[in-house]
Amino acid sequence: MPAPEHLPAVLRLLDANLDRAREGLRVVEDWCRFGLDRPDLVARLKDLRQRLGVLHGDAYKQARHTATDRGAGLSHPAQAERQRPEQVVAANCGRVQEALRVLEEFSRGVDDALAVEAAAIRYALYDLEVELLRASRGGEERRRQLRQCRLYLITSPAPNLEVVVEAALGAGVRLVQYRAKEGGLGPDGQPITDGVRLQQAQALRQLCSGHGALFVVNDRIDIAQAVDADGVHLGQGDLPPALARRLLGPEKLIGRSTHALPQLRQAVADGCDYVGVGPVNATPTKPGRDPVGLDYVRQAAAESPIPFFAIGGIDLASLAAVQAAGAERVAVVRAITEAVDPAAASRALLKRLQP
């Protein structure tokens, strides 16, 4: 706690740095909204900004006295050198981080809740800044392509796996997930091994690359790394997205299965690039999982700032109801993998999913 004679100065200092941090976050947030078209980044930045706003109390604002602040309005020649968006983003991220550090140091004993929150937001911004800079520098091709995808093929073990995937790719599918869970069988009818998983993932990676499609691996970050997949898809019981991001880097895609709105919100906060929403219907690919029905699809359509794919027993017959609930994208397994003609099934689904 500062001495009584220092308290007015500390309150003014905290007010100034709360303003500085919130303004800097808003600058970056608006670039993500209008320049990058990244509602997921907008949502994360807005959350940080509003968390600070809640703690920006009247006591700080009433201590403000700009007229006697000799540092108000000072500028630096470096400000004129910020010609590109990434320079503005970098400068404002630095500005926010510096302000948060000041808040953290001077609010101890005055406003301990502010000190704790400032530290938490500062560390969150360190990771977020990397994504912001890469996005501003044009490293967004994967996410741009993801936003364009309407149909997501998830594989299941089958002797003709490569044939089915190649047919779907030839028909226009541009997003494929390799899924081979523990307990599944390999092409020889025996329990699948990691060696077989690696061979299959390599083959599908090559097929997807040849067709300009995104390739994602379910669960297995190690296999995704080994074949240079475009990303991973994680279930609720898998490794946390933050760890996956640390292992894969900011340029890869991370998807997350969600079964309720709180899980979707958490996936957004965790920096996931997309979510699965379901299972809409009961499906043998998710034994024991109760269907969530269309209500959750409606909730996701109303709230999700990132692409979401409705999933779970969806086929051509049930697609209209899912679309009516607000889903623009769907993920399917059996609708393609068990079709008599996987290419024709893919074309029919894609036609119905056209914007």
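The values are calculated or read from the model by the stated rules, or taken from the named source; none is laboratory data. None of these values were measured; they are calculated from a predicted model. As a convention, Cβ positions derive from the backbone with ideal geometry for all residues, glycine included, and neighbour counts pool all protein chains shown. Side chains are part of the model used for accessible areas, which takes the heavy atoms of the whole protein and leaves out ligands, DNA and RNA. Shrake-Rupley method; radii C 1.70, N 1.55, O 1.52, S 1.80 Å.
For the reader, a short list of remarks on this structure follows.
- Its Cα centre serving as origin, the chain has a Cβ charge dipole (Lys and Arg +1, Asp and Glu -1) of approximately 640 debye.
- Partners for Lys252 among aspartates and glutamates (Cα-Cα distance below 12 Å; same-chain residues under 8 apart left out): Glu131, Glu140, Glu141, Asp228, Asp230, Asp273
- Seen from Arg143, the other residues with C-beta closer than 11 Å to its C-beta sum to a net charge of -2, counting Lys and Arg as +1 and Asp and Glu as -1.
- Magnitude of the charge dipole, segment 228-349, Cβ model with Lys/Arg +1 and Asp/Glu -1, debye to 20: 180
- Summarising the strand pairing of the chain, around 5 percent of its internal DSSP beta bridges are antiparallel.
- Taking Lys and Arg as +1 and Asp and Glu as -1, the other residues whose beta-carbon sits under 14 Å from that of Asp194 total 0.
- Placing unit charges on each Cβ (+1 for Lys and Arg, -1 for Asp and Glu) gives the chain a dipole about its Cα centre, and among Gly57, Leu103, Leu175 the Cα reaching farthest toward its positive end belongs to Leu175.
- Helical contribution to [θ] at 222 nm, DSSP H n ≥ 4, -39,500 (n - 2.57), averaged over the chain, rounded to 500: -16000 deg cm²/dmol
- Within the accessible area of the chain (1.4 Å probe), percent carbon and sulfur: 52
- Here Lys61 is the anchor, and the aspartates and glutamates within straight C-alpha reach of less than 13 Å, apart from those fewer than 8 places off in the same chain, are Asp15, Asp19.
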